[in-house]
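These notes are about the structure you will find just below.
The values are calculated or read from the model by the stated rules, or taken from the named source; none is laboratory data. Everything numeric in this text was worked out from a predicted model, so none of it was measured. For neighbour counting, all protein chains shown are included, and Cβ atoms are generated from backbone atoms with ideal geometry for every residue, glycine included. Quick note on the areas: whole protein, heavy atoms, side chains included, nothing else; ligands and nucleic acids left out. Shrake-Rupley method; radii C 1.70, N 1.55, O 1.52, S 1.80 Å.
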Amino acid sequence: MQKWRCSVCGYVYDPAAGDVGNGVPAGTPFEEIPEGWVCPVCGVDKSFFEPD
């Protein structure tokens, strides 16, 4: 699965790991993350992420 990088802080969202601490289970593709989700490091929304 495609990883995505935050263009603001460099955090990498890895679908294999998800973001369990913020309600995104492991195995969730980036495209299926709820719209209200934000970068767990810097707080920007999904529009600031680019394919890594």
Which net charge results when you count Lys and Arg as +1 and Asp and Glu as -1 among the other residues whose beta-carbon is under 12 Å from that of Met1?
-> -3
Ordered by number, the GluC sites (Glu not before Pro) in the chain that occupy a DSSP loop and have at most 16 other Cβ atoms within 10 Å are Glu35
Provide the per residue accessible area, probe 1.4 Å, for the chain, rounded to a whole number of square angstrom.
-> 59
So what's the chain giving for Cα Rg divided by 2.2 N^0.38 Å, two decimals?
-> 0.97
Additional length obtainable on full extension of the chain from Cys42 to Arg5, 0.36 nm per residue less Cα span | 12.1 nm
